[in-house]
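Working notes, beginning with the structure itself.
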Amino acid sequence: MNELVEAGVVLVALAGSTALGLVVQSFLAEHHRSRETTELVRLVVAMLVTFTALVLGLLITSVKASFDRIDNQLRVFAAELIQFDQSLRQYGSDTDPIRGQLRSFAAAAIASTWTEEPKPSGDYPRIKLPGLSGFESPALGGMLAGVERELRQLEPADLRHRRIAAECIRQFERLTQQHWRIIEDSGGAVPARFIILLVFWLAIVFASFGLNAPRNVLAYTTMALAAVSIASAIYLILDLATPYGGMIATSSQAMRDALAHLSQ
């Protein structure tokens, strides 16, 4: 919802800049309307438009790449959860408490990360995280630490169990590394000051449109559509920068499939 409000503010800013340009146009002296002045203004605006379009394109590419990377890492993390659980099963009933902690971790991660989706059923910690994604929660990190503590306290009775225990530890270390990768990539929000600066450049461009626009319905409609298009691009950037919520969010299906496997 915040992204939609911010995009609405951008739309109002661009529409206001265009209206300001139209108002100023009627007060311009005749020598400000000369062909030389008009061509100079158009040249400067063309340069600014090119620069702004380049920045917008790079920004969209960057946030989309980050979004895709997080989505892929979540799938890898879910797969590693399943592999780790399979190794725990092979060890035997001694690992049942560890598997129970792992199920609670997966359910809590889903509930606290994808807050706009239905929460998993069952008994697990309900984590509230103002301003954080679920994977960044210290509580979830503590749950993984508890899994590691129980895992390292296992006492294998024979060579087979020692090998399985060693493999479980290796898999858990990979799982922890993947968990930290997700946390690191989830913190890549677009700086607010950068968006403000970008909107300032766009406001200058739209004000210049108003200065040079003919006063007819087609010109007004074209500028309005341009403002809506730019505002929607800003919304897309802000929405992709928050991968766990909004209109475009990473899928929780991989984690839910992993939880279903852990619950068997």
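Does the stretch 240-251 include one or more residues that are in contact with an Asp or Glu (Cβ under 6 Å, 6 or more places away or on another chain) and either more than 22 Å from Val5 (Cβ to Cβ) or among the polar types (S, T, N, Q) (or both)? Please lay out each step first, then the result.
Let us first name the residues in the stretch 240-251 that are in contact with an Asp or Glu (Cβ under 6 Å, 6 or more places away or on another chain), namely 245-248, 250.
Filter once more, keeping what is either more than 22 Å from Val5 (Cβ to Cβ) or among the polar types (S, T, N, Q) (or both): 250.
Among the residues of the stretch 240-251, at least one is in contact with an Asp or Glu (Cβ under 6 Å, 6 or more places away or on another chain) and either more than 22 Å from Val5 (Cβ to Cβ) or among the polar types (S, T, N, Q) (or both), which makes the answer yes.
Is at least one residue of the stretch 112-131 open to solvent by less than 60 Å² (accessible area, probe 1.4 Å) and assigned to a helix (DSSP H, G or I)? Yes; the residues of the stretch 112-131 include at least one that is open to solvent by less than 60 Å² (accessible area, probe 1.4 Å) and assigned to a helix (DSSP H, G or I).
Output yes when any residue across the stretch 12-19 is open to solvent by 60 Å² or more (accessible area, probe 1.4 Å) and either in contact with a Ser or Thr (Cβ under 7 Å, 6 or more places away or on another chain) or over 30 Å from Ile164 (Cα atoms) (or both), and no when none is. So far as the stretch 12-19 goes, yes, one or more of its residues are open to solvent by 60 Å² or more (accessible area, probe 1.4 Å) and either in contact with a Ser or Thr (Cβ under 7 Å, 6 or more places away or on another chain) or over 30 Å from Ile164 (Cα atoms) (or both).
Please enumerate the residues belonging to the stretch 86-102 that are in a helix (DSSP H, G or I), of a type outside the set (Asp, Glu) and touching a residue at least 40 places away in the same chain (Cβ under 8 Å). Before you say what the answer is, go through the steps one by one.
Step one: of the stretch 86-102, the residues in a helix (DSSP H, G or I) are 86-91, 93-102.
Still in the list and also of a type outside the set (Asp, Glu): 86-91, 93, 95, 97-102.
Answer for the stretch 86-102, where residues must be in a helix (DSSP H, G or I), of a type outside the set (Asp, Glu) and touching a residue at least 40 places away in the same chain (Cβ under 8 Å): Ser87, Leu88, Gln90, Tyr91, Thr95, Pro97, Ile98, Arg99, Gln101, Leu102.
Among residues that are of a type in the set (D, E, K, R) and surrounded by 12 or more Cβ atoms within 10 Å (Cβ to Cβ), Arg42 is included. In the stretch 67-74, the count of residues that are touching a Gly at 6+ places or on another chain (Cβ under 9 Å) and at pLDDT below 90 is zero.
The values are calculated or read from the model by the stated rules, or taken from the named source; none is laboratory data. Quick caveat: nothing in here was measured; it's all calculated off a predicted structure. Glycine gets a Cβ as well: all are built from the backbone with ideal geometry, and neighbour counts include every protein chain shown. Surface accessibility is based on the protein's heavy atoms, side chains included, excluding ligands, DNA and RNA. Shrake-Rupley method; radii C 1.70, N 1.55, O 1.52, S 1.80 Å.
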